[in-house]
1. When only C-alpha pairs under 8 Å and at least 6 residues apart count, what is the relative contact order of the stretch 33-142, in percent?
2. By the gyration tensor of its Cα atoms, with a ≥ b ≥ c the square roots of the eigenvalues, what is the shape of the stretch 25-130: rounded for a/c under 1.5, prolate for a/b over b/c, or oblate?
3. Once Rh is set to the Kirkwood radius over Cα pairs, what Stokes-Einstein translational diffusion coefficient, in µm²/s, holds for the chain at a temperature of 25 °C and a viscosity of 0.890 mPa s?
4. With the full set of protein chains in place, find how many percent of the accessible area of the chain is carbon and sulfur; take the probe as 1.4 Å.
5. Which of the pairs K57/K87; K57/K159; K87/K139 have their Cα atoms more than 29 Å apart in this structure?
6. One quarter of the convex hull surface, Cα atoms only: what value does that give for the stretch 116-182 in nm²?
7. Please give the solvent-accessible surface of W117 in Å², to the nearest 10, using a probe radius of 1.4 Å with every protein chain present.
8. Using a Förster radius of 30 Å, what is the FRET efficiency between E62 and E84 based on their Cβ-Cβ separation? Nearest 0.05, please.
Amino acid sequence: MAGIFEKTSAAIINPLSAIWYAIVNQLPSIVGAIVVLIIGCFVAVILGHAVRVILEKLRVDEYVQKARLTKVIGHTHVPAVAGELFKWFIIISFLQQAVELVNLGTLSSLLERFVGWLPNVIVAIVVLIFGIAAANYVKMKTEEHSKQRGIRICASILKTVIVLMVIVIALNQIGVDVSIVENTFLLAIGALA
């Protein structure tokens, strides 16, 4: 009975002690990673604010209003969104460096893959925003410059096609296999043509 108790306690204590020693050995690199993240966040906030101020000085919102895209993008303050996206891109860059400092084996490789994937998410968001805005702009201009019968239906179909293309591109960017959707979409476009 005593042998089973010793084996069980050793089976519990050995992994815990191994984790503890790994943490103690990695403590300097963990502290370094935290310092890199803090500095990265500070730099990201400053640069994100700078991008926002520059775009406000360039009066990007006025150009969006002149192009009548304000409603299309949901009355979004474009400089603020651009500043936030840039800030998060910088934070992700510093996060990649912080993950490289910490060597926790499998966990580090998983974190590296996740952090490497995050910029793709930002690009997909930008593609979606600009793609949907472009689709609405094309629809609006098509309806505006043609008075033929059925142009509203054609403009709506064109907008839908553009939005679907943008969604497929964004999903592909974040790593979703969309080959079946792409092929089906091409077949449908070919049938409509």
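The values are calculated or read from the model by the stated rules, or taken from the named source; none is laboratory data. What you see is a predicted model, and the numbers here were worked out from it, not measured in a lab. Reconstructed Cβ throughout: ideal geometry from the backbone, glycine too, with neighbour counts over all protein chains shown. Heads up: the accessible areas ignore ligands, DNA and RNA and are worked out on the full protein's heavy atoms, side chains in. Shrake-Rupley method; radii C 1.70, N 1.55, O 1.52, S 1.80 Å.
1. On the way: 83 pairs, mean separation 39.6, N = 110.
So the answer I get is 36 percent.
2. On the way: a/c = 5.44, a/b = 2.21, b/c = 2.46.
Oblate.
3. Values: Rh = 21.2 Å.
This corresponds to a translational diffusion coefficient of 116 µm²/s.
4. Numbers: 9560 of 13400 Å².
Of the solvent-accessible surface of the chain, carbon and sulfur hold 71 percent.
5. Values: K57/K87 18 Å; K57/K159 32 Å; K87/K139 32 Å.
Distance filter (> 29 Å) returns K57/K159; K87/K139.
6. On the way: hull surface 18.6 nm².
In nm², the orientation-averaged hull projection of the stretch 116-182 is 4.7.
7. Here the accessible area works out near 100 Å².
8. Values: r = 20 Å, r/R0 = 0.67.
The pair E62/E84 has a calculated efficiency of 0.90.
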